[in-house]
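Every read-out reported here was derived from the displayed coordinates using simple, explicitly stated rules and does not represent laboratory data. The shown structure was predicted, so the numbers you read here are calculated from the model rather than taken from an experiment. Don't worry about glycine lacking a Cβ; one is built from the backbone with ideal geometry, like all the others, and counts go over all protein chains shown.
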Amino acid sequence: MTFATFFRPAALGLLLVGAAALPGCVSVAAYQKAYLNDEDMKLATKKVETSEVNFESYREGAGGANGGKVGGGCGCN
């Protein structure tokens, strides 16, 4: 087995991975940049964090879930 035939599949695989990564390099126009991170730049609670905030509020017992009723820490408001 020669050197070229042994490393040819590896070189081909590396070339395919590199070609697959190229579409990720895209230039964005200036007017489109305003909308790229709109959801990430909001200061409000994200949809993913809502249940975690709700759970913490129940455990703490100082306030209801997301501004709801105030009750004990057991969650039986």
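Listing for the model above:
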| item | result |
| --- | --- |
| Label-point gap, in nm, between Phe3 and Ala30 - each point 7 angstrom along Cα→Cβ | 5.2 |
| Table column - 3J(HN,Hα) (Hz), region 22-35, Karplus curve with 6.51, -1.76, 1.60, x for Gly and Pro | 5, x, x, 8, 10, 7, 10, 5, 4, 6, 8, 5, 5, 9 |
